[in-house]
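Quick notes on the structure that follows.
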Amino acid sequence: MVAYMDKNVGRTVDKLEELGIRKETLILFLGDNGTEVSIRSMVGNQEVPGEKGSLTRYGTHVPMLVNWPGQIEAGLGLDGPVVPADVFATIEEVTGAQARRPTGNGLLDGISFLPAVTGRPGRAREWALVEYVLENRGRMYLGKEGRYVLNGRWKLYDRGVSRRGQSYYKGGQLFDLLHDPLETSPITPDIDTSESAAARKAAVAFLHRHPVPKRLLSPGESPLAN
């Protein structure tokens, strides 16, 4: 399936070249969520576990490729988070389409990352919020509901327990993904450094601006933002 997808991406690029519009075309490629838990893949020398349906790095951090010859420098990477809404905002900026009416909450509104990838000044997304809510799904997802906020390096889980009372994700757990990408060593407030304490404070402030809707809470659940 991956080989056939790669073939069709190549066919698309070849057609753009044939039509003489390759340098006028921005290509965006965005991956899906993680693979099934039974699958373990190798990326170089690193084993990547399948975390589909999970809020871990390998369940929600997916690849995105952006290519535009003459406009975007090859090999450039983004340090901050990008969410799907930002892809739509970027396409709107590239095409000159009329922007959608903002929701006003700063969370669902997309932020174009075109300035970041073309070397121009512009607004960037500081934090991304991801929530997984289980509704009539299979057994493999039981107890995995949760919520976190991420700024690229620092990741803070919000919800104290899942909707079924299980503690799959513990509210208040902070992880430094730069040094702990597999989230094996949570940083608790009593061992905070000046860096982690500042990140925790900023993340909690963001969560307070975007609390969990009451309809999604279970009896006894106490997210950090509430």
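In order along the stretch 70-83, the phi-based Karplus estimate (6.51 cos²θ - 1.76 cosθ + 1.60, θ = phi - 60°) of 3J(HN,Hα) comes to x, 10, 10, 5, 5, x, 6, x, 9, 7, x, x, 10, 10 Hz; Gly and Pro are listed as x.
Calculated FRET efficiency, T188 to L28, Cβ-Cβ distance, R0 = 41 Å: about 0.60 to the nearest 0.05.
Within the stretch 110-124, list the residues whose amide N lies under 20 Å from a label point set 7 Å along Cα→Cβ of A74. So the set is 117-119. With a Förster radius of 22 Å applied to the C-beta separation of V37 and R153, the computed FRET efficiency comes to 0.25. A 1.4 Å probe run over the stretch 15-65, with the rest of the protein chains in place, finds 66 Å² accessible per residue.
The values are calculated or read from the model by the stated rules, or taken from the named source; none is laboratory data. Predicted, not measured: the structure shown is a model, and the values here were computed from it. Every residue, glycine among them, receives a Cβ derived from its backbone with ideal geometry; neighbour counts consider all protein chains shown. For the accessible areas, the whole protein counts, side chains as well, though only heavy atoms, and no ligand, DNA or RNA atoms are used. Shrake-Rupley method; radii C 1.70, N 1.55, O 1.52, S 1.80 Å.
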